[in-house]
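Here is the structure we will look at, set down as C-alpha cells.
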Amino acid sequence: NDRDVAALQEGRYLRIAGVRYKVSDGRPLCWSEIYVPERYAPDRKTVNDGVTAIYDLILKQYGLRLESVNQDVSAMELPRAIARELGAEDQVAALSVLRHYYTAMSQLFEMSRNIYPADRFSVRTSIRQRA
C-alpha cells in the first residue's frame with residue numbers, strides 16, 4: 001500500500017535478494033526480494049542458513065508476534081534479467097506476489113516480492129460453508 005511504499009523511502013532497510021530454489025529437486029523457483037526495516041534486521045548468519053523464512057527469524061529474534069500478512073498477486077511480464085537467473089524464457093507471463101508482514105502492534109516488519117514464471121506458481125483455495 002502507499003503507506004508502506006512511503007515507509008520504504010523514508011527509512012533504512014536491509015534488502016535480501018536472490019533466486020529461491022525448490023527443495024525437492026534444486027531447480028530455480030522464483031526471484032525473491034525481501035525488505036526489512038533496519039531496526040528489525042535479522043542476524044545475517046541465520047539468514048545465510050536459508051532454512052527458516054526471514055519473517056520467522058525476525059519474530060523469534062525480536063520476540064514479536066505476527067498479527068497479519070497481506071498478499072497481493074498480480075500478473076506481469078517476466079523481466080529478461082530475472083528470466084536468465086531462473087533459466088526461463090523472458091517476456092513470458094509471470095506472477096508477482098507482494099506480501100506485507102505486520103506485528104501485533106500493526107507495525108510493518110517485512111515486505112517481500114516474489115516473481116514466479118507462470119508455470120511455477122499455483123494457488124488452491126478451499127471455501128467451506130459455516131454451520
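Things worth noting here:
- Cross-chain or 6+ apart pairs with Cβ under 8 Å, the range 83-99 first and exposed (fewer than 14 other Cβ atoms within 10 Å of the Cβ), then part of a loop (DSSP other than H, G, I, E, B): R84/D90; G87/R27; E89/L78; Q91/L78; V92/L78; A93/L78
- Counting only helices (runs of 4 or more DSSP H) that sit wholly inside the range 1-82, those with at least 1 residues that are open to solvent by 60 Å² or more (accessible area, probe 1.4 Å), modelled with pLDDT under 90 and of a type in the set (V, I, T) are 2-10.
The values are calculated or read from the model by the stated rules, or taken from the named source; none is laboratory data. Quick caveat, the model's predicted, so the values are computed rather than measured. Cβ coordinates were reconstructed from backbone atoms using ideal geometry, including for glycine residues, and neighbour counts include every protein chain displayed. For accessibility, only protein heavy atoms count, side chains too; no ligands or nucleic acids. Shrake-Rupley method; radii C 1.70, N 1.55, O 1.52, S 1.80 Å.
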